[in-house]
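Here the structure is laid out as structure tokens; the discussion comes afterwards.
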Amino acid sequence: MNLTGRTARAAAVEHDLWEVEMGDFRAYTMEERKTYLAPSCQRCGQHRHIVWEKVPDTETYLPRDAGCSNEACTA
């Protein structure tokens with residue numbers, strides 16, 4: 001069990017759920033990226049960092065989760 005009282009299994013399940021949520025996003029154009037609102041961290045509520053991956057052979061990008069923007073949060 002970690003300091004938050006969650007087991008490693010509970011943390012792994014939460015991580016798997018987050019991957020599904022992030023994987024459901026569609027591709028965005030450069031213009032749409034300007035208005036994209038990153039999802040909130042489930043642990044602390046701050047926005048998550050997003051890294052944009054270019055979709056090959058298109059002018060679109062996919063948002064990828066790069067972790068919580070709160071340095072004190074471990075999510």
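The values are calculated or read from the model by the stated rules, or taken from the named source; none is laboratory data. What you are looking at is a predicted structure, and each value in this text was computed from that prediction instead of being measured. Backbone-built Cβ (ideal geometry, glycine too); neighbour counts: all protein chains shown.
With respect to Y36, is the statement that it is of a type in the set (S, T, Y), part of a strand (DSSP E or B) and surrounded by 12 or more Cβ atoms within 10 Å (Cβ to Cβ) true? No. For region 55-75, the candidate set comprises residues that are of a type in the set (G, A, S) and under 13 Å from the mean Cα position of the chain (by Cα); within that set, the residue that is nearest to R43 (Cα to Cα) is A75. For beta carbons closer than 9 Å, sequence separation of 6+ or different chains, a first residue in region 29-48 that is polar (S, T, N, Q) and a second that is modelled with pLDDT under 90 and in a helix (DSSP H, G or I), the qualifying pairs are Q42/E14; Q42/L17; Q42/W18.
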